[in-house]
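Step one of this worksheet: look at the structure below.
Taken together, the values in this text are just the output of simple stated rules run on the coordinates, not laboratory data. Quick caveat, the model's predicted, so the values are computed rather than measured. Cβ coordinates were reconstructed from backbone atoms using ideal geometry, including for glycine residues, and neighbour counts include every protein chain displayed.
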Ligand SMILES: [Zn+2]
C-alpha cells in the first residue's frame, strides 16, 4: 500500500513522510480514526514508506523487495495482531488466521470489525486478542530484525485487548531499539488507559468530501453526480459511502443480472415480466440498457486477455469476474453481442420493445446453449 492508494488525508501523509525523512518516528503510536477514515490504510502506507529501500520524498517506491513484501503482508519484520474468535485447536493465535487476514486486507483496507468477523463466519461470536498472542508479540520483538531495518508490530483494534493487554505496558514504555508499535483503533473510550498513556496519539480525521467523492467515482464506479451527494451523506466515512454507492451505481446492473439469470436458467416465466418491466424505461432507456449489456459482454471477452486493470471496478467488475468463471468462450460471447445489437437495431427503428426483448432472450438462450 502506497500513500497514493490512501484516500485523502494529505496533511497526515505529509506529517508521516516528514517524520520518516528526519528520522523522527515515535516508537509507540496510536493511529486513531473513526470507521472509514482510512486509519488502517494510512498505517500500512506508513510502514511501507519506513521500510522501503528506494523511497522518494512523496511515497514508497512500490517496487522494491521490501515494498512488495509489505503490500503482500508477508514482510518478516512486520508482525500483525488483530482480534479473532478463538477456537481451541484451530484458531489460537493470529498466525492461524493469517491467510484469511492477508486476503481480507488486500481486498479491502477499509474493512471494519464486522466485515472481518463476517469473513471468518463468526458474526455471532465475539473476537478478542488472546493472551497467547500478546506473548507472541513479546517474543517477536526480542528477535533480531530479519532485514536489518526496523521491526514493526501493528495491532489492529486495540479496543479488543482485555486487561491482559497490560502485559504489553513495559514493551510500549521501553521497546527494544528499532522497534515500532502501531496501534490502529477507532474508539478512544474502549482502549485501556494504561496503553493510551504510553502511546503517541495520531488522530485521523474523516476524509474530506472532494477526495471521498473522487474515490467513489474511481474505485466504485459511482456516477460523479451521485458521488458528491454520497460523500456529503457519509461525512468522511468511505466504508459507508461505498455501501450507499452500491445502490447508486448504474441502475442497469440489476436488470442485467436478472436477465442473465433468466437466460442461463431458462426461466421463461420470469422473462415475460422482466421484458415488461424493462420496456417501461421507454425507447431511450431500453437502448441504453442494451448498450450497457454490449459493453459488459465485450468487457467479459477482453478481460481474460488483458486483465481488468483500468477497465472496471466495483460491482460491475465483480459481475464480470463471476460471469467469466462460466468460460463461455469468445464465439458464444460474440453471438450474444450480436443478439443485443439486433435488438438495438429494432428499437432504433421503433420496433416493439417487449417483443424485441423476448426475441433477444430466446436468441441469448440459443447462443449460450452452443457453449462447448
Ligand atoms: Zn520500495
For the chain, calculated [θ]222 nm from helices alone, where every DSSP H run of n ≥ 4 adds -39500 (n - 2.57): -17000 deg cm²/dmol
Burial ordering of 81, 109, 131, fewest other beta-carbon atoms within 10 Å first: 131, 109, 81
Bins of 10 Å from zero: percent of alpha-carbon pairs in the chain: 5, 20, 25, 20, 14, 10, 5, 1
Gyration tensor verdict on the range 3-205 (Cα atoms; rounded if a/c is under 1.5, prolate if a/b is larger than b/c, oblate otherwise): rounded
Ranked list, fewest to most other Cβ atoms within 10 Å of each Cβ, for 306, 16: 306, 16
Residue 72 versus residue 246: modelled label distance in nm, points set 7 Å from Cα along the beta carbon direction: 3.1
The range 134-210 and the range 277-292: distance between their alpha carbon centers, rounded to Å: 54
Most fluctuating residue given options 62, 33, 351, as computed from a GNM of the chain linking Cα atoms under 10 Å: 351
The chain: angle of helix 353-369 to the longest principal axis, Cα-based, in degrees nearest 10: 70
Listed peptides 265-277, 82-94, 234-246 by packing density, highest first (mean Cβ within 10 Å): 234-246, 82-94, 265-277
Most mobile of 216, 182, 120 in a GNM of the chain (Cα contacts under 10 Å): 120
FRET E, pair residue 201, residue 24, Förster distance 22 Å, beta-carbon r, rounded to 0.05: 0.90
Whole-number D in µm²/s for the range 200-281 (Stokes-Einstein; Kirkwood sum over Cα pairs; 25 °C, 0.890 mPa s): 166
Full-extension gain in nm, residue 15 to residue 64, via 0.36 nm per residue minus C-alpha separation: 15.3 nm
Most fluctuating residue given options 323, 289, 305, as computed from a GNM of the chain linking Cα atoms under 10 Å: 305
Under the Debye formula (equal points on every Cα, no solvent term), log10 I(q)/I(0) of the range 217-372 at q = 0.08, 0.10, 0.13, 0.21 Å⁻¹: -0.25, -0.40, -0.65, -1.33
Using alpha-carbon coordinates, inclination of helix 131-142 to the longest axis of the chain, degrees: 70
Between helix 238-248 and the chain: long-axis angle, C-alpha atoms, 0 to 90°, nearest 10: 10
Estimated FRET transfer efficiency (residue 147, residue 232; beta-carbon r; R0 45 Å; 0.05): 0.55
Residue order, fewest to most surrounding Cβ atoms within 10 angstrom, among 254, 209, 189: 189, 254, 209
